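What follows is a single structure, written as structure tokens, with notes after it.
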Amino acid sequence: MSTFVNYAAIFPLTTLGHYIHWHFIQISVANLTVIVLMVIAFIAALVLPFPGRSRRKENR
Amino acid sequence: MSYSEIERQWTTRLRRRFVRLLPPEKLLPDNQPTYVSSWIYVFGVTTLSALMVVIASGCVLAIRGPQWWHTSSVGHFVNSLHLWSVEIFFFAMVVHLWGKYFMAAWRGGRSMTWMTGVVTFLVSIATAFTGYVSQTNFDSQWIATQAKDGINATGAGAYFNVLNMGQMLMWHIVLLPLVAVLLTALHVLLVRVKGVVPPFEEHAKVNA
């Protein structure tokens, strides 16, 4: 139980969350972080080479 | 039983129809077209893998119950595993959705594959929502009281009461997962029937 509490203390969950306000847009930093990570994953999936792709093309 | 009688049986006809629609080599293929070797095609199967962990960890939570997941270290771990597998499930599903949207994955008679994916996404959101209001903690009480006015404004509150903990738990662990898993199975079978959507430049060659 104490180990769990120690790890949980890294991210203070008992305080209010941080929010970003821009005109009528309001979003929590946590949600914005997830959206940014999804965009990064999407772009990385398009540009990063897939292992074995060149070998498969040669065999075609 | 004569040959013609066997031919007329509904089981024979149904089996032949299934095999014609989805022969074993299409149901469990041993290779894929070259264009599938891209990271963007990985997110569909990542979503499926995350869904398996969600179901498995949810089964453990259902066996042991709220007292266990609120008070014991292992319970906390499985509870967190359930939450984070849901996070990965939605993360991968959204990237999968973006990829398929920009590929126009409904091409080549794949509209039903696209639509089953859309409905599965919506059902998954409802499943996650009922999960958040079934946590049995202050967070779930807060979410339920905040959501009730929105749900009531749609007129659905008479049948779907977010303040009814028992009803929300049943929707979360029985009805919605059943629909989500059945739709996911149908979605995957449709992918197998129609094949993975080719890139635009390959579309003409594949359909030629």
- Calculate for chain B the 222 nm mean residue ellipticity that helices alone would give, adding -39,500 (n - 2.57) per DSSP H run of length 4 or more and normalising by residue count, nearest 500 deg cm²/dmol. -23500 deg cm²/dmol
- Acute angle (nearest 10 degrees) that the helix B:73-102 long axis makes with the longest principal axis of chain B, alpha-carbon atoms: 40 degrees
- Task: Between beta-carbons, use under 13 Å as the cut-off and find the net charge around B:TRP114, counting Lys and Arg +1, Asp and Glu -1.
- Result: +4
- Task: Treating cross-link reach as a plain straight distance, find the aspartates and glutamates whose alpha-carbon is under 12 Å from the alpha-carbon of B:LYS100, omitting any fewer than eight places away in the same chain.
- Result: none
- About the Cα centre of chain B, how large is the charge dipole given +1 on each Lys and Arg Cβ and -1 on each Asp and Glu Cβ? Please answer in debye to the nearest 20. 740 debye
- Query: What does a probe at B:GLN141 reach in region B:156-198, counting residues whose amide N is under 17 Å from the point 7 Å along Cα→Cβ?
  - Reply: B:162-166
- To the nearest 10 degrees, the tilt of helix B:176-194 (Cα long axis) against the first principal axis of the alpha carbons of chain B is 20 degrees
- In nm, to one decimal, how far is the B:TRP84 label point from the A:ILE25 one, both placed 7 Å along Cα→Cβ? 3.0 nm
- Message: Connecting C-alpha atoms closer than 10 Å in a GNM of chain B, tell me which of B:GLY109, B:GLY58, B:GLY155 has the biggest fluctuation.
- Response: B:GLY155
- Of the candidates B:TYR101, B:VAL123, B:LEU163, the farthest towards the positive dipole end of the protein assembly as shown (Lys/Arg Cβ +1, Asp/Glu Cβ -1, centred on the Cα centre) is B:TYR101
- With a Cα-only, solvent-free Debye model of region B:41-85, what are the log10 I(q)/I(0) values at q = 0.16, 0.19, 0.27, 0.31 Å⁻¹? -0.43, -0.55, -0.86, -1.03
- Can you give the FRET efficiency for B:THR11 and B:VAL53, using 1/(1 + (r/R0)^6), R0 = 45 Å, r = Cβ-Cβ distance, to the nearest 0.05? 0.80
- Note on the structure: Computed from the beta carbon distance with a Förster radius of 22 Å, FRET efficiency for B:SER73 and B:MET165 to the nearest 0.05 stands at 0.30
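Could you tell me which chymotrypsin sites (Phe, Trp or Tyr not before Pro) in region B:94-193 are loop residues by DSSP with no more than 12 other beta carbons within 10 angstrom of their beta carbon?
B:TYR159
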- Compute the whole-percent fraction of alpha carbon pairs in chain B spaced more than 26 Å apart. 49 percent
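Every read-out reported here was derived from the displayed coordinates using simple, explicitly stated rules and does not represent laboratory data. Predicted model, so just to flag it, every value in this text is computed and none were measured. No Cβ is skipped: glycine too gets one built from the backbone with ideal geometry, and neighbour counts run over all protein chains shown.
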